[in-house]
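Before any comments, here is the structure.
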Amino acid sequence: MSILEDMQNNLNAFEAMQPNLEKEHWGNWVVFTNGELTVIAGTQDEAVQKADALANGELSRLIRQIDEELPEVVRKL
């Protein structure tokens, strides 16, 4: 698996779980690795520390705060 595929798997997993996460964990930080939710934490620092402690050779991590709104990014190739 490539890093881009891993990143997409993490994003897909987050998007699939997002409605439930917004209901149950608003304001918390989440970490997805290997296409799975691995950490829920109260702060970004705590989320990173917990993810580091659980590190299992993942290619990438998706770290998001449940209440954040990300801007749409447009890229020209």
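Things worth noting here:
- Output for the stretch 14-38, where each listed residue is part of a loop (DSSP other than H, G, I, E, B) and over 11 Å from I63 (Cα atoms): H25, W26, G27, N34, G35
- Contacts under 8 angstrom Cβ, first residue in the stretch 35-60 being under 17 Å from M1 (Cα atoms), partner part of a helix (DSSP H, G or I) and of a type in the set (D, E, K, R), 6 or more apart: G35/D6; E58/D6; L59/D6; S60/D6
- If you filter the stretch 21-64 down to residues that are polar (S, T, N, Q) and either under 14 Å from N10 (Cβ atoms) or surrounded by fewer than 17 Cβ atoms within 10 Å (Cβ to Cβ) (or both), you find that the one that is modelled with the lowest pLDDT is N56.
- In the stretch 1-37, the residues that are farther than 12 Å from R64 by Cα and touching a Phe, Trp or Tyr at 6+ places or on another chain (Cβ under 8 Å): A13
- Considered as a group, the residues in the stretch 1-13 that are assigned to a helix (DSSP H, G or I) and not aliphatic (A, V, I, L, M) include one that is surrounded by the most Cβ atoms within 10 Å (Cβ to Cβ), and that residue is N10.
The values are calculated or read from the model by the stated rules, or taken from the named source; none is laboratory data. Predicted, not measured: the structure shown is a model, and the values here were computed from it. Quick reminder, even Gly has a Cβ in these numbers, built from the backbone with ideal geometry, and neighbours come from all protein chains shown.
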